[in-house]
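Down below is the structure, laid out as structure tokens.
What follows draws every value from the coordinates through simple rules; no lab data is involved. These figures come from a predicted structure and were not determined experimentally. Positions of Cβ are backbone-derived with ideal geometry, glycine not excepted, and every protein chain shown enters the neighbour counts.
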Amino acid sequence: NLVALQRDDNVGPHNTAAAQRKAFTALSTKTPTRLLAERARSTPDAENLNTLDELLLLGGGVPLKVGDQVIGALGVAGAGGAANDEACALKAIEQILSIHQ
């Protein structure tokens, strides 16, 4: 379930849907979407994940963990590529966790 959404005026609306799908993917699989994308390129079994409409195998989706438990996920899109999207998501998680310690 979506808890919060933030979109800059300069980012296309399609990125909102992409970010939500990245967060859903990271939460569902408990895995960063960048790693899933890499596995899909190199592992035939993981390649089939691309056939599920809900999942998006692009960097920028990161599970939010407390210890070993996944408690949520963040998805970022529109930061200028998958690596930048993931960096933004990781920074946001770092800030969230520092507030709640």
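A few comments on the model shown:
- Cα lying deepest toward the dipole's positive end in the stretch 14-99, options Ile99, Leu52, Ser28, charges on Cβ: Ile99
- Amide N of the stretch 41-59 lying under 11 Å from the label point, which is placed 7 angstrom from the Cα of Ser28 along Cα→Cβ: 49-57
- Distance between the modelled labels on His14 and Arg41, one decimal in nanometres: 2.1 nm (7 Å Cα→Cβ projection).
- Of all aspartates and glutamates in the structure, the ones whose alpha carbon falls short of 16 Å from that of Lys65, not counting any fewer than 8 places away in one chain, are Glu86, Glu94.
- For the chain, a simple Cβ point-charge model (Lys and Arg +1, Asp and Glu -1, everything else neutral) yields a dipole of about 100 debye relative to the Cα centre.
- Counted residue by residue at 0.36 nm each, then reduced by the alpha carbon distance between them, the extension gain from His100 to Ala4 reaches 32.9 nm.
- Integer Hz, Karplus 6.51/-1.76/1.60 couplings in order for the stretch 57-71, x for Gly and Pro: 8, 9, x, x, x, 9, x, 9, 10, 10, x, 9, 9, 7, 10
- Per the Debye calculation on the chain with a single equal scatterer at every Cα and no solvent contribution, log₁₀ I(q)/I(0) for q = 0.13, 0.20, 0.24 Å⁻¹ amounts to -0.42, -0.97, -1.30.
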